[in-house]
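Read the figures in this text as sums done on the coordinates, not as results from a lab. Remember, it's a predicted structure, so these values are computed and weren't measured experimentally. Don't worry about glycine lacking a Cβ; one is built from the backbone with ideal geometry, like all the others, and counts go over all protein chains shown.
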DNA sequence: CACTTCATTCGATAATATTGAACGTCATTC
DNA sequence: GAATGACGTTCAATATTATCGAATGAAGTG
């Protein structure tokens, strides 16, 4: 596997891009050099390369840099590499439209959920989960779906990575979690009651392939009050129905 | 500007990622080495680094590589860096929903249009324009909007880059283009009659900032027959109305 | 069981990334 | 309006580091 040492300049270049991931404001060469603890000239060389290639772009006014549009092409290639995101997207859109809330799609990767798609309705409050974000499984609705429907051995390995209180509501003991997962397995959907972020709740459902393995999970997420105002049975039914429609659409 | 030489390993790493942009199938080390005409071991070093960082991922089965989810986070950061894409998205969604066709959002960059957002309706045929794609201005609906509403000097510079027949319908002479742009300027919207791709037509409208400068352009795109079945005046009105709603939402 | 094919590792080498210092430009301050 | 400072960019020297060809090992094929 990955035992060989990383190529330094490539690693640094990617670190620079990653600095823009959050609070993606323009950054100066100096700032970046300080963040990464490198000399200005080293950083300039890297930035200049990324700029020439279109992955960064320079604001002529103040000479600062921000992410370039070239990245969009790559980002898009990932999702369309993903038959899942492609086929699921319209379904998420419909859910967002019907309930006027944010809809998220996630897959499991090395013991984390990774959000790979998101739709919002014009009226919905923007949920701060960004596409590409990783979260632990035990504290999110989509994550608990994976824990409940992944092979028990796999799920236990992941749980073995550790539990912790993210909010006061997080289910952080193995016993309580086991019970919760049992319920989820019986119901076919999961509820997150402010377990990852206070004020935010969600209902999530697993997406299976034709063989019945869980391949993804989708959720409707929003401010607790508004989510609770939707009859749970109705919302859960919508999610599970959408999940199975996605399975059909994917043809795998 | 970018006069300094690019850092070789970074440039090569990005080239590798770009190989996956189209027909994003899994690729072997060997294949990539052949494409780029580099030694296998060099390519392996680069790939291994990108893999370790999450920008590529390896299929355990066949040892081949494909794009990793880490890129999604970056791609998403670009669009949310973009106030425009953020504010415009719900409006595009509504258009797609209302007309059951693909809706595209583009900005101008160095004489090209770059598509920065796209929405599709569940029923719509997938248009093969990907987010991040660059196209010349003169042969697309969104591009012609830019040529018609950019400052004449800027537009002429871009036209000076050259015209060519992309399809038999492409407007490829300066005189004909000038007339077309005049019409677009008068109407406030542009029509692409299979000028970029046979069988595909679109209607596009410019998006302005509060000062009246064009900052983007949006289009409804689809198979010619279906686009023509919508009354042009109605569709054009929808697009222009959406464009001005986006302007209001953006508050710039 | 030989024979390919390919991913991965290794070691030597030369090419290349890195660095600190220097330069030039712009803005601010006195 | 000269002087200062801040910062992006260039430069040349150096040592680190990326690169390459060859070697290894695993997996598959006849």
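Determine the gain in length on full extension of the stretch residue A:179-residue A:157; use 0.36 nm per residue of separation and subtract their C-alpha separation, reporting nm with one decimal. Intermediate results must be reported in sequence, preceding the final value.
Working: separation 22, 0.36 × 22 = 7.92 nm, distance 1.70 nm.
Length gained, residue A:179 through residue A:157: 6.2 nm.
Closest to the A-onto-B rotation axis, which residue of chain A has its Cβ, and how many Å off the axis is it?
A:75, 1
What nm value, rounded to one decimal, do you get for the distance between residue B:237 and residue B:128 when each label is placed 7 Å out toward the C-beta?
Between residue B:237 and residue B:128, the simple spin-label model gives 3.6 nm.
What does the helix-only formula give at 222 nm for chain A: each DSSP H stretch with n ≥ 4 adding -39500 (n - 2.57), the total divided by the residues, and the result rounded to the nearest 500 deg cm²/dmol?
Computed mean residue ellipticity for chain A: -14500 deg cm²/dmol.
Indicate the gyration tensor shape class of the stretch A:103-216 (rounded, prolate or oblate), computed on the Cα atoms with a ≥ b ≥ c the square roots of the eigenvalues: a/c under 1.5 is rounded; otherwise a/b larger than b/c is prolate and the rest oblate. Provide the component values of the computation, followed by the final result.
Working: a/c = 1.61, a/b = 1.21, b/c = 1.33.
Cα axes put the stretch A:103-216 in the oblate bin.
How tilted is helix B:232-250 with respect to the longest principal axis of chain B? Cα atoms for both, answer in degrees (0 to 90, nearest 10).
Computed tilt is about 60 degrees.
With the Cα gyration tensor of the stretch A:139-180 giving a ≥ b ≥ c as the square roots of its eigenvalues, does the rule (a/c under 1.5 for rounded; else a/b larger than b/c for prolate; else oblate) give rounded, prolate or oblate?
Working: a/c = 1.83, a/b = 1.51, b/c = 1.21.
Note, shape of the stretch A:139-180 comes out prolate.
Just for the Cα atoms in the protein assembly as shown, what are the lengths along the principal axes, largest first, rounded to whole Å?
Answer, in whole Å and largest first: 76, 53, 40 Å.
Anyone know which of A:163, A:46, A:181 comes out most mobile in the 10 Å Cα GNM of chain A?
Result for chain A, Cα springs under 10 Å: A:46 fluctuates most.
Would you mind listing the distances between the residue B:194 label point and the same position in each other copy? Use 7 Å along Cα-to-C-beta, nm, one decimal, shortest first.
Once sorted, the set of distances for residue B:194 reads 6.0 nm.
For helix B:83-99, what angle does its Cα long axis make with the longest principal axis of chain B, in degrees from 0 to 90 and rounded to 10?
The answer is roughly 70 degrees.
Which distances, in nm and shortest first, link the residue A:209 label point to the same label point in every other copy, taking 7 Å along Cα→Cβ?
From this label point to the equivalent ones elsewhere in the assembly: 4.9 nm.
What's the FRET efficiency of residue B:208 with residue A:35 using the Cβ-Cβ distance as r and R₀ = 35 Å, to the nearest 0.05?
Details: r = 37 Å, r/R0 = 1.05.
Efficiency, from the Cβ-Cβ distance: 0.45.
Can you tell me how chain A classifies by the Cα gyration tensor, rounded, prolate or oblate, using a/c under 1.5 as the rounded cut?
prolate
What do you get for the angle between helix B:8-19 and the principal long axis of chain B? Use alpha-carbon atoms, 0 to 90 degrees, nearest ten.
Once rounded, one gets 60 degrees.
In nm, what does the list of distances from residue B:37 to its counterparts in the other copies look like, shortest first, when each label sits 7 Å along Cα to Cβ?
4.1
Tell me, what is the FRET efficiency for residue B:28 and residue B:198 to the nearest 0.05, using R0 = 41 angstrom and their Cβ-Cβ distance as r?
On the way: r = 35 Å, r/R0 = 0.86.
That pair, residue B:28 with residue B:198, gives E of 0.70.
I'm checking a number: the convex hull volume of the Cα atoms of the stretch B:48-135, normalised per residue, in Å³. What is it?
Details: hull volume 12.3 nm³, N = 88.
It comes to 140 Å³ per residue, whole-number rounded.
Mind checking which of B:168, B:231, B:90 has the largest fluctuation in a GNM of chain B, springs on alpha carbons under 10 Å?
The residue that fluctuates most here is B:231.
With just the Cα atoms defining each centre, how far is the stretch A:90-108 from the stretch A:171-188? Give it in Å.
24
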